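These notes are about the structure you will find just below.
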């Protein structure tokens with residue numbers, strides 16, 4: 001039986017990298033259609049880099065603070081590192097930088113992100129607090145293609161969780177995060193095995 005072709009995928013993160021861990025573990029499976037070629041962070045002390053090194057993966061830190069306010073120069077360095085690593089797809093996993101049109105254009109249709117809400121509601125930050133304040137009964141997470149507009153790209157997949165009586169933001173976040181760890185690898189698998197990138201019409205909603 002022939003081996004599943006594995007697309008080189010780079011992960012961008014800024015923190016602990018829990019979604020990166022889920023992707024790395026998925027890529028260890030022989031039948032998963034991706035391999036991690038690089039884990040990159042804008043923060044040299046990001047715990048996610050230590051996790052990736054422990055997994056034997058190539059890592060690089062490109063500290064955005066060294067570039068002052070020159071976001072374009074920082075992103076050109078990021079882009080160069082991605083291409084040097086041979087990445088064909090990029091997965092944002094808690095990468096806390098608002099991307100410029102340069103990087104979103106360079107990787108149009110090839111960059112995925114996971115966001116902790118059921119987009120298009122609650123784009124941006126503090127999604128769990130905002131969900132509780134809005135009184136919604138269903139919350140969740142979304143994997144989408146990255147475009148110039150923040151959290152506006154075509155939706156590739158979603159997973160939903162109930163908002164329970166007495167929920168706190170932390171409790172809701174933990175419930176959503178468990179779904180993120182399942183959703184992201186599943187969507188990446190489907191994205192890579194399709195003949196073309198999925199559109200919004202292909203999005204799947206899974207309710208936990």
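When you look at residue 83, is it more than 21 Å from residue 22 (Cα to Cα) and at pLDDT 95 or above, yes or no?
For residue 83, the condition - more than 21 Å from residue 22 (Cα to Cα) and at pLDDT 95 or above - is met.
Does residue 50 satisfy the criteria of being at pLDDT 95 or above, in a helix (DSSP H, G or I) and not assigned by the TED database to the domain that holds residue 176? Break it down into steps so the answer makes sense when it comes.
Values: at pLDDT 95 or above: yes; in a helix (DSSP H, G or I): yes; not assigned by the TED database to the domain that holds residue 176: yes.
Considered against the rule, which asks whether it is at pLDDT 95 or above, in a helix (DSSP H, G or I) and not assigned by the TED database to the domain that holds residue 176, residue 50 comes out as yes.
Could you tell me whether the stretch 121-132 includes any residue that is at pLDDT 95 or above and under 13 Å from the mean Cα position of the chain (by Cα)?
No: zero hits.
Give the stretch 79-104 a look and list any residue that's within 17 Å of residue 61 (Cα to Cα) and assigned to a strand (DSSP E or B), or say none.
Matches in the stretch 79-104: 90, 91, 92.
Using the structure shown, decide if residue 182 is modelled with pLDDT under 95 and either outside the structural domain of residue 70 (by the TED database) or more than 17 Å from the chain's Cα centre (by Cα) (or both).
Taking the combined requirement at face value, the residue does not satisfy it.
Across the stretch 161-176, what is the number of residues that are surrounded by fewer than 16 Cβ atoms within 10 Å (Cβ to Cβ) and touching a strand residue (DSSP E or B) at 6+ places or on another chain (Cβ under 9 Å)?
Matching residues across the stretch 161-176 total 1.
Only one of 57, 23, 66 is part of a helix (DSSP H, G or I) and farther than 24 Å from residue 179 by Cα. Can you tell me which?
Going through 57, 23, 66 in turn, the sole match is 66.
For (1) crowded, with 18+ Cβ neighbours inside 10 Å; (2) without any contact (Cβ under 8 Å) to a residue 60 or more places away in the chain; (3) in contact with a helix residue (DSSP H, G or I) (Cβ under 6 Å, 6 or more places away or on another chain), each residue gets a yes or a no:
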site	(1), (2), (3)
53	no, yes, no
57	yes, yes, no
61	no, yes, no
64	yes, yes, yes
70	no, yes, no
74	yes, yes, yes
80	no, yes, no
83	no, yes, no
88	no, no, no
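If I filter the stretch 105-112 for residues that are under 23 Å from residue 187 (Cβ atoms), modelled with pLDDT of 95 or more and in a strand (DSSP E or B), do I get at least one hit?
Within the stretch 105-112, one or more residues are under 23 Å from residue 187 (Cβ atoms), modelled with pLDDT of 95 or more and in a strand (DSSP E or B).
For the stretch 122-136, state whether one or more residues are out of contact with any helix residue (DSSP H, G or I) (no Cβ under 9 Å at 6 or more places or on another chain), exposed (fewer than 15 other Cβ atoms within 10 Å of the Cβ) and outside any loop (DSSP other than H, G, I, E, B).
Looking for residues that are out of contact with any helix residue (DSSP H, G or I) (no Cβ under 9 Å at 6 or more places or on another chain), exposed (fewer than 15 other Cβ atoms within 10 Å of the Cβ) and outside any loop (DSSP other than H, G, I, E, B), one finds at least one in the stretch 122-136, hence yes.
Is one or more of the residues making up the stretch 27-46 touching a residue at least 60 places away in the same chain (Cβ under 8 Å) and within 16 Å of residue 98 (Cβ to Cβ)?
No, the stretch 27-46 contains no residue that is touching a residue at least 60 places away in the same chain (Cβ under 8 Å) and within 16 Å of residue 98 (Cβ to Cβ).
The values are calculated or read from the model by the stated rules, or taken from the named source; none is laboratory data. All figures in this text were calculated on a predicted structure; none of them were measured in a lab. Glycine gets a Cβ as well: all are built from the backbone with ideal geometry, and neighbour counts include every protein chain shown.
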